[in-house]
1. Can you tell me the relative contact order of chain A? Whole percent, Cα pairs under 8 Å, sequence separation 6 or more.
2. Using only atoms on other chains, find how many Cβ atoms lie within 10 Å of each Cβ of peptide A:115-123 and report the average.
3. Could you work out the pair-distance distribution P(r) of region A:532-596 from its alpha-carbon pairs, with 10 angstrom bin width and percents rounded to whole numbers?
4. For a quick check: with amide H placed at 1.01 Å from N, whose amide H comes under 5 Å from A:Lys415's, ignoring anything fewer than 5 positions away on the same chain?
5. Find the all-direction average of the projected area of the Cα convex hull for region A:443-520, expressing the result in square nanometres with one decimal place.
6. With an 8 Å cut-off on Cα pairs and a minimum separation of 6 or more residues, tell me the relative contact order of region B:5-189 in percent.
7. Could you state the angle between the C-alpha long axis of helix A:42-51 and the longest principal axis of the C-alpha atoms of chain A, as a value from 0 to 90 degrees rounded to the nearest 10?
8. If I histogram all Cα-Cα distances within region B:5-189 using bins 5 Å wide from 0, what percent of pairs lands in each bin?
Amino acid sequence: MRKKLNQVDSGKLFLSGNEAIARGAWECGVHFSSSYPGTPSTEIMETIGSDYPEIDAQWAPNEKVGMEVIAGASFGGARVLSTMKHVGLNVAADPFYTLSYIGATGGIVIVSADDPGVHSSQNEQDNRLMGRAAKVVVLEPSDSQEALDFTKIGYEISEKFDTPVLVRVTTRICHSKSLVEVGPRVEVPVTGYTKDIAKRVPIPANARKMHARVVKRLADLEEWGCDSPLNKIEMGDKSIGIITSGISYQYVKETHPEASVLKLGMTNPLPWRLIKEFIDQVENIMYVEEGEPYLEERIRSKFLVDGIGSERLSVMGELNPELVRHGIKDGEKLPLTFEEIALPGRPPTLCAGCPHRGAFHTLSKMGASSTGDIGCYTLGLMPPYNALETVVCMGAAIGVLAGIEKAVGREKMPKLVSAIGESTFVHSGITGLIDMVYNGNTGTVMIMDNSLTAMTGGQENPTTGKNLRGEPAPVLDLEKLVLACGVKHLRVVDPHDLPEMKRAFVEEFEREELSVIITKRPCIMQYKPKRKTIAVLDPEKCIHCKICVKLGCPAISWDAEKKIPVISEILCWPNCNLCTQVCPKDALSKDLEGVV
Amino acid sequence: MSKMKNVIICGTGGQGILMASEVLCSAAWRSGFDVKKSEVHGMAQRGGSVSSHVRFGDKVHSVLVEKGAADVVLALEKMEALRWVNFLAPDGKLITCDLAIEPMTVNTGSAVYPDVEKIITDKGIPNLMIPVMEIAKELGNLRVMNIILLGAASRHLPEISEKSWFEAIEERVPPKAYKVNLEAFRRGKAL
């Protein structure tokens with residue numbers, strides 16, 4: 001059995017960046033954490049949940065609530081942590097900006113996990129810019145050891161300078177593992193809540209004073225940063241001086257170990273004196289940074305110095321050692337033994353047995369579609385369904401549907417429903433539904449309730465009956481919630497009951513009033529069926545129509561020679577019977593008796 | 001200073017790639033090396049392509065293997081093997097399962113699954129094709145495919161001691177599955 005990590009007090013552990021941040025928070029006595037899951041940040045909270053019971057940790061309905069709750073806990077004198085993906089910080093931006101003015105009673109570290117390369121997101125925004133705009137400290141670790149160390153230093157800075165600290169990591173930091181020297185947890189007291197209206201109520205008269213304090217704070221931090229080990233000069237060949245931060249530093253050291261490097265661990269405020277000292281010593285300046293030309297633009301405009309950066313290294317996508325090698329010295333790259341081979345793509349698909357398949361298959365067959373949202377069900381956009389047409393942000397499926405109706409009118413409204421998961425609905429979809437009721441929309445909202453925040457790997461949420469640690473929690477009643485918004489027509493459908501699913505769409509598309517369909521069936525990650533059954537083909541009955549293949553189920557492939565479907569015994573999900581329902585000749589059958 | 005070793009493990013979601021790379025990293029660490037690995041989660045979990053980069057040596061900076069630098073590419077699915085051949089170093093070795101998992105693009109008829117064996121032969125890619133399903137069935141456990149592959153890889157990673165491999169496997173698998181995993185490793189190594 002693996003030991004829980006809170007039982008390990010010293011030595012080296014092989015940790016991901018996310019695990020190292022959790023460890024750093026634990027070591028420096030963090031008391032409380034509240035967050036919403038989001039790739040690539042999720043495992044920070046999961047690690048706290050599984051291994052560090054000393055931290056009181058919970059899932060919030062969304063990032064804004066998570067940040068508000070940690071703000072309150074900080075006011076109460078606790079050390080607090082909130083983690084989110086980059087776009088999650090947009091949701092939490094309102095408390096984030098003002099918390100910068102208010103400052104930190106108990107230390108505040110906020111982790112923004114950015115996703116350059118867009119591995120699992122809708123954009124590749126660079127949240128160093130958010131940190132700068134909010135006038136908070138931004139720290140950028142370059143490996144797991146620094147993820148731990150910087151988190152701990154973050155709390156010292158936060159309490160010393162009365163500021164929230166933004167630890168900005170990226171997918172390659174979060175999901176890479178390296179060896180980390182760990183230490184014991186050091187408890188710090190919760191200092192308690194004391195009334196301080198001038199500090200915590202930013203009415204205009206107070207806010208002006210707060211802003212002045214923030215400006216002074218940044219000046220103090222700038223000076224502190226010049227002598228801090230967070231920022232360091234590694235002098236080498238003076239013909240080229242590379243200014244870098246985060247994971248990019250590792251690519252520089254890998255490909256050009258001889259170069260002079262200024263490694264910035266704190267990228268807001270910038271340590272101007274140290275930067276000047278560096279650029280005065282080197283002949284040519286180069287900026288190697290992932291994302292926006294943040295360091296480049298700031299340093300260029302401050303000192304009016306030339307340098308190369310974003311025009312050689314793209315502002316788009318991730319950096320990697322090839323790009324950095326070639327970017328620093330033109331034409332320098334390793335010879336390839338074999339060229340790249342063009343191959344069919346392997347996009348992600350809905351799992352075999354996924355409850356969402358029934359809904360998207362039905363919409364697709366009806367020539368209908370959906371405005372989409374963020375979750376596994378975003379995959380409804382893929383062939384063979386092509387049944388999801390828009391995504392903006394968490395919760396937007398509902399507002400977007402409402403807006404299309406406002407633009408084209410009820411009569412010309414295409415056959416669209418809002419496709420939104422239950423976790424996303426609770427996150428920020430409910431306000432859209434309230435808007436639809438209030439402003440007289442007539443569309444149909446489909447809440448796809450699989451009782452799990454699934455896309456991020458399966459987290460609990462207010463509808464699942466469990467909390468972050470898997471303990472029982474009150475269940476949010478979605479049906480009552482929808483009715484309380486003023487929706488008059490609500491139905492709950494098992495999306496794997498295809499005739500019922502179709503009836504629901506047909507009737508609701510005809511209805512001239514707003515309606516909600518809740519598709520209710522648990523995610524396959526929720527349970528292990530008691531008995532393994534797979535669909536069986538009677539080849540005599542098969543008429544080779546491929547209707548079963550068009551379900552888009554990964555368990556069903558097509559044997560082109562024999563012209564029959566092949567069911568994968570590994571992938572076929574025991575209690576799903578979609579293929580047996582769509583087969584027009586009953587050639588597929590499945591014994592579902594006793595499968596729970 | 002010893003030469004840096006670069007390994008890529010690839011395949012599709014749910015095949016045990018992340019577990020295999022954990023075992024490799026643990027074994028490298030136990031043999032005294034600095035080690036780093038990188039992989040991408042998220043959308044890849046839904047049956048998409050999955051890959052893990054592992055690098056070990058005296059001191060590792062980059063978590064990513066460079067194109068043209070991989071000593072070993074281990075593929076749990078044979079088309080995925082082809083996706084990474086441009087990462088092979090001049091003396092690099094491809095080790096592939098003979099397993100084909102058709103992506104949805106092939107299932108729905110918008111793409112054709114390539115003739116992997118023919119491409120490997122035509123291009124002269126140094127490859128070891130392992131009948132992994134057959135061996136796993138002989139061993140009576142389909143979940144040991146990734147360990148069979150690691151066994152085959154171990155011959156090309158002599159810096160890692162056998163003791164380290166065994167300890168790493170023991171650490172990562174449930175006690176009752178240890179014996180069958182060890183046997184899987186040995187079968188792979190004997191190929």
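Just so you know, all these numbers are worked out from the coordinates, no wet-lab data involved. Owing to the predicted nature of the structure, the values given are computational and were not obtained by experimental measurement. With ideal geometry, Cβ positions are generated from the backbone for all residues, glycine too; neighbour counts draw on all protein chains shown.
1. Computed value for chain A: 11 percent relative contact order.
2. Per residue, the average neighbour count from other chains is 2.
3. 23, 59, 17, 1
4. Residues meeting the amide H criterion: none.
5. 5.9 nm²
6. Reported as a whole number, the value is 23 percent.
7. Roughly 90 degrees between the two axes.
8. P(r) for region B:5-189, in whole percents per bin: 1, 8, 17, 21, 21, 17, 9, 4, 1, 0.
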